[in-house]
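For reference, the structure is listed below as structure tokens.
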Amino acid sequence: MSDIIKQNLWDIIILNTSGPEAEWLQDRAASSPMDLMTAFVAAPRFLSKKIISVNPDQQFTLNAEIPGFSVEGWSLVRLARVWLLTQLDPSDKEDYVKNIETLFDTAEMNELVALYSALPVLSYPDQWLFRATDAVRSNMGFVFDAIALHNPYPEKHFSELAWNQLVLKTIFNDKPINFIEGLDNRANEKLAITLSDFAHERWAAGRSVPAQVWRLAGKFMNPTLLADMQHLFDSENVDDQKAAALACNDSSLAPANYLLAKYIDLEKSVKSGTLTWADLEH
């Protein structure tokens, strides 16, 4: 764990705590692993429930050390818990892993949120892969969000199968996929095909598909996906039409480019850069 990250997290804490709160945290950090773990659980009793504020320089430093890592929108308790975990000495792997696993095994929902949020800063990242993929199956929305959204851990460590399951569940739960770190980097053909099947099921049931979904299809265009693009162009939903234009533009297949060329205004918007996937983010 980078000392820069530890210090940066502490700097954010200092800006969001009272003197007694900061003193309590410092005292816990200088104590034994068992006291640290006890403090992790007890934090809500000693810290306010406020949502923290983070200045741009602090967020820039976090991203410079761990790309995609963000504490924006976190509560003070969540941030403090993650910081407390960074104070555990990782030099003895067996003890370190045992302590973290104990917290996982006994955690209630908000503690789990902090633990999954901390994965990018924990030592021995491969050690937590089972825990992380298990969180994708969680029915607790806040726990799922902690691993799926604004968390760089899955991009770096998930297998293709686990990654695809995370993306699909995000879509199924109507969460914004643009909050998934590494979304474009981890796009793959199997996911694009599965998304097409998912869309057909939704359409057959008279339901819509979030337009953002199609950003994962353009680079893997095939005849089935091309037919999906035509379906989107024919939609009365303007966002569907925009998504089709952007996906066709992402494709290197001539038929996709020919299809896009039929919709002159959309083609101009995409080619000029006035229409991007960011316009479909919610």
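Miscellaneous remarks
- Qualifying positions in the range 181-201 - loosely packed, with under 15 Cβ neighbours inside 10 Å and either in contact (Cβ under 8 Å) with a residue 60 or more places away in the chain or part of a loop (DSSP other than H, G, I, E, B) (or both): Asp184, Asn185
- Exactly one residue among Gly73, Gly68 is within 12 Å of the chain's Cα centre (by Cα), assigned to a loop (DSSP other than H, G, I, E, B) and assigned by TED's automatic domain parsing to the domain that holds Lys49, and that residue is Gly68.
- Candidates Asp105, Asp134, Asp126, filtered to the one that is without any contact (Cβ under 8 Å) to a residue 24 or more places away in the chain and under 25 Å from Phe179 (Cα atoms): Asp134
- Check on Leu246, assigned to a helix (DSSP H, G or I), over 20 Å from Asn164 (Cα atoms) and under 29 Å from the mean Cα position of the chain (by Cα): yes
- Candidates Ala243, Ala254, Ala261, Ala205: the one that is crowded, with 21+ Cβ neighbours inside 10 Å, of a type in the set (Gly, Ala, Ser) and either in contact with a Pro (Cβ under 8 Å, 6 or more places away or on another chain) or not assigned by TED's automatic domain parsing to the domain that holds Lys175 (or both) is Ala243.
- Options Asn99, Asn110, Asn151, Asn178; residue that is touching a residue at least 24 places away in the same chain (Cβ under 8 Å), assigned to a loop (DSSP other than H, G, I, E, B) and surrounded by 13 or more Cβ atoms within 10 Å (Cβ to Cβ): Asn151
- Test: residue in the range 78-88 that is farther than 23 Å from Ile4 by Cβ and under 20 Å from the mean Cα position of the chain (by Cα): no
- Of all residues in the range 163-175, those satisfying the criterion of being more than 21 Å from Thr276 (Cβ to Cβ) and either basic (Lys, Arg) or crowded, with 16+ Cβ neighbours inside 10 Å (or both) are Trp163, Asn164, Gln165, Leu166, Leu168, Lys169.
The values are calculated or read from the model by the stated rules, or taken from the named source; none is laboratory data. Only a predicted model underlies this, so the values are computations on that prediction, with no experimental measurement involved. Neighbour counts are summed over all protein chains in view; Cβ atoms, including those assigned to glycine, are modelled from backbone coordinates with ideal geometry.
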